């Protein structure tokens, strides 16, 4: 069943659709939150929050924009960063608009795409990979990364941008 | 995509929520009126999502089995999309009843009732004494099956990673060939600023893909711990590091880059001698330079 069909089920109040969605994406959401926040209890709270919010507000996910998996993954990351920064959420979930052309609905596709991204990260210059990881999983700003690594701010900015673009291009092939 | 180049870096940073202060305000004002940049922002968000989806099977962590039950208990009797009050454990630990997460979410790390949250999670069920033997046997059996399963998963992941790496290498090779043969590839011939010896370099560059092949010849011997650094001199702005390379005993060397920031218009290319790990800015005189032209 497609993500859009499952979300339609949630919209109509079908609890089994939510359970199905949970089975499909809870590991990704939990793993991202855990990687950022490093605490199983907090990660579980974020997991609960996100799926409850989707239950309450299924219209926040715009199926025409792409996949639910990447969307949930970004929201999990953002919520976890907000938590470690001890701040209120910076974005409403309906404002998190993202565009991904690759299909992540089937486990096989997820595994294949994941392998390609891991391979791209393995081939990335170490400094670029480090900058991306510090920005994504630790929520460090470009200024903080520049201070930590002793490199020019412009270099860090460019590294983050070109790093993201290279991830995009690896799935475009 | 025709997003504005001057906002390119900021769009990437904003997609990660890293932009602050006046830079963020300026970008958001621009985004309000620029559909292309909004689209590029969505693209960058999609790109960043890939980092979260790159966990291998071995890195993915399943939430506790009780978490699903907590969730289903919390939604039971609550209408989807209603925004009405929910009941259950989660609601009492963090307010989730409002439809917008901004209003309802309390960063868990700031929650003073952390111990309460933990206390409210379902307690483990302890087996009776008579079940210990059966439980121990099950544990051993589960352990063996888990080990077998893990080994198989590792082999599958390794094979998938190797396959993906080969696919990437093939793609890169195809990209390189296309750089050398494309009719729109920029070609630059670099010559010594002095008459002799005559080091030379040829650059083949495609700005759309950020791809570059540079072939050097007759280059002089390098001092210890030094390397040649190629600079892409853009139409607008400071020279950009386009890579570091060393030459063989005959002074020949090749540099291949496929990850330069795309879309940069090259005015010229130049070579300087820098420390072996490269430098963010040129620190020595230009050795050879050449203007870019189709």
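In segment A:39-52, the condition of being touching a residue at least 60 places away in the same chain (Cβ under 8 Å), assigned to a helix (DSSP H, G or I) and either under 20 Å from residue A:167 (Cβ atoms) or under 14 Å from the mean Cα position of the chain (by Cα) (or both) is met by no residue.
From the list A:110, A:87, the one residue that fits, being at pLDDT below 90 and buried (at least 16 other Cβ atoms within 10 Å of the Cβ), is A:110.
Considering A:36, A:117, A:100, the condition of being buried (at least 19 other Cβ atoms within 10 Å of the Cβ) and within 14 Å of residue B:45 (Cα to Cα) is satisfied by A:100 alone.
Just to be sure, is residue B:3 surrounded by fewer than 16 Cβ atoms within 10 Å (Cβ to Cβ), out of contact with any strand residue (DSSP E or B) (no Cβ under 9 Å at 6 or more places or on another chain), modelled with pLDDT of 60 or more and more than 10 Å from chain A (Cβ to nearest Cβ)? It is false that residue B:3 is surrounded by fewer than 16 Cβ atoms within 10 Å (Cβ to Cβ), out of contact with any strand residue (DSSP E or B) (no Cβ under 9 Å at 6 or more places or on another chain), modelled with pLDDT of 60 or more and more than 10 Å from chain A (Cβ to nearest Cβ). Each residue in segment A:155-164 was checked for being within 15 Å of residue A:119 (Cα to Cα) and facing chain B (nearest Cβ under 7 Å), and 1 of them qualify.
The requirement of being under 24 Å from residue A:168 (Cβ atoms) and at pLDDT 85 or above is not satisfied by residue B:170. Candidates in segment A:54-68 are the residues that are part of a helix (DSSP H, G or I), at pLDDT 85 or above and surrounded by fewer than 24 Cβ atoms within 10 Å (Cβ to Cβ); of these, the one that is nearest to the other protein chains (Cβ to nearest Cβ) is A:58. The residues of segment B:232-245 that are in contact with a strand residue (DSSP E or B) (Cβ under 9 Å, 6 or more places away or on another chain) and at pLDDT 90 or above, listed by number, are B:232, B:233, B:234, B:239, B:240, B:241, B:242, B:243, B:244, B:245. Out of curiosity, is residue A:118 assigned to a helix (DSSP H, G or I), more than 7 Å from chain B (Cβ to nearest Cβ) and under 30 Å from residue B:171 (Cβ atoms)? No; evaluated as a whole, the condition is false for this residue.
Please go through segment A:129-139 and give me each residue that is surrounded by fewer than 21 Cβ atoms within 10 Å (Cβ to Cβ) and facing chain B (nearest Cβ under 8 Å), ordered by number.
Listed by number, the residues that qualify are A:133, A:137, A:139.
Taking strands (runs of 3 or more DSSP E) as the structural unit, those lying wholly within segment B:193-294 and holding at least 2 residues that are away from chain A (no Cβ under 14 Å) correspond to B:200-206, B:211-217, B:226-234, B:253-257, B:266-275, B:288-291.
The values are calculated or read from the model by the stated rules, or taken from the named source; none is laboratory data. Here the structure is a predicted model, which is why all the values come from computation and not from measurement. No Cβ is skipped: glycine too gets one built from the backbone with ideal geometry, and neighbour counts run over all protein chains shown.
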